[in-house]
1. List nothing, just return the count: lysine pairs in region 116-199, 8 or more apart or interchain, with Cα separation under 21 Å.
2. So how tilted is helix 175-198 from the main axis of the chain? Cα-based, degrees 0 to 90, rounded to 10.
3. At 1.4 Å probe size, with every protein chain present, just tell me what the per residue accessible area of the chain comes to in Å².
4. I'd like to compare 117-123, 141-147: which one has the highest average count of other Cβ atoms within 10 Å, and what's the full order after that?
5. Using a 1.4 Å probe on the protein heavy atoms, what percent of the accessible area of the chain belongs to carbon and sulfur?
6. Given N residues in region 1-107, what is Rg(Cα) / (2.2 N^0.38 Å)?
7. Relative contact order, percent, of the chain when contacts are C-alpha pairs under 8 Å separated by at least 6 residues?
8. Relative to the longest principal axis of the chain, what angle (0 to 90°, nearest 10) does the C-alpha long axis of helix 148-157 take?
Amino acid sequence: MTSRERFLASIRRQPTDRTPVWVMRQAGRYLPEYRKLKEKYSFIEMAQTPELATEVTLQPLKRFPLDAAIIFSDILIIPEALGQPYHFRDKAKGGGIAMDYLLDSEAKIDALDASGIEEKLAYLPAALRMTRQEIGEDKTLLGFGGSPWTLAAYMTEGGSLKDLAALKSLFYSEPAVFEKLMHKVTDAVIDLFKMQIEAGIDAVQIFDSAGAYCPSHQYEAMSLKWIKKITDSLPADFPVIIFAKGMAHQKDALCATGASVLSIDWTIDLPSYYDSLPDNVAVQGNLDPLILTSSADVVRTETRLLLEKMKGRHGHILNLGHGILPSAKPENMQVLCETVAACAPS
C-alpha cells in the first residue's frame, strides 16, 4: 500500500501494512540543509515564497521514508493576513516571536480586515500545489493552522505566550469583544483551510497550543466551540487532526468537535487512551521528542516499545508528542523511520 493509502486508512482506523509515520516540525532547524537555506533567506521569506516553501517541505522526505509531507508555513500567517504582521526577534534580544503591534483595544480588533484572505495568502496554495506535483499521489499532503484561541493568544500577548491575561480578561469581562475577535479569526482560519483543501491536501492539523491555559470547565467556550465551527464548515468527513497541548484529558469534548484524529503528547499512556475513544477517532503520537537527541539504541527501543503496545489497535499514526527539537540528530530520525518500517503490521 502507498504511504497515502496507509495514512488515510489509519485515520479511518482500518488495518494497514504498517504504522504510518511523520513528525511535527519535520522540516526545519535540525536539518543542515535547512540551516544552509536559512543563511540566505529569513523564515518569513521562505514561508511566503512558494518555491522555497516547497523546497523546505520536501527536505525531510528526501532524507527519510516518511509517509506525509506537511507544508512549511506558520500559524501566524492568519494574524498577518488580518493586518497584524509578525516577526522574529534578534537572538541578542532574547529571540522568539513578536507581533508588530499589540492587539489591545476594541478599536484595533475592529480594524482587523478579514476580507481578501485568499489573495493575501495565495502563496500557500501555490506551495501546496507545487509540493503535490513533486510528491505525486503516493504520499500524504498535510495542511495546518492554529486554533482561533491560540491565534488570539499570540495576537493579544504581542508575541510568545506568557499568561494569556489579556485574552482571558476579554473572555471574562468583555464577552462581546471576545466574541467579535474570535469570529474574525475563526472565519479567516476557515478560509485558510478551504484554500488548502482546494489545493490538494489530504488532511489538516489544528494546533491548539494554548489550550492548556484554559480552565478545564471553560475550555469548550474559550476554544473548542471555535474549532467545532471550523470542522463544521469543512467538507463532510474531511480528516481533521487536533493537537491540543496539555488537554488530552478533555477527550470527550475534543471528540465532539468532529476531530478524526487526536494528537497526544508523551505524558499520556497511548493504548489506554485509544481504548477509551469512540471507534471513529484515531490517535497520533506520542514519543518524547527528546529521544531524538539521544542515541540510536534509545530511539529503536522507545519506538519498538510504543509500536508493540499499540499492536492490534488500528488507527495509530506514529509521531512525536510535540515538535521535533532543533537539537535532534538527523541520523536518529532515520533510525526512527527505519524502525517503524521494520515493525509488523499495525
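The values are calculated or read from the model by the stated rules, or taken from the named source; none is laboratory data. All values reported here derive from a predicted model rather than from experimental measurement. Glycine gets a Cβ as well: all are built from the backbone with ideal geometry, and neighbour counts include every protein chain shown. Only protein heavy atoms, including side chains, enter the accessible area calculation; ligands, DNA and RNA are left aside. Shrake-Rupley method; radii C 1.70, N 1.55, O 1.52, S 1.80 Å.
1. 6
2. Taking the Cα atoms of the chain, the angle to 175-198 is about 40 degrees.
3. Here the residues of the chain average 40 Å² of exposed surface.
4. Peptide ranking by packing, descending: 141-147, 117-123.
5. 51 percent
6. 1.36
7. RCO, the chain: 23 percent.
8. Taking Cα atoms only, the helix is inclined about 60 degrees.
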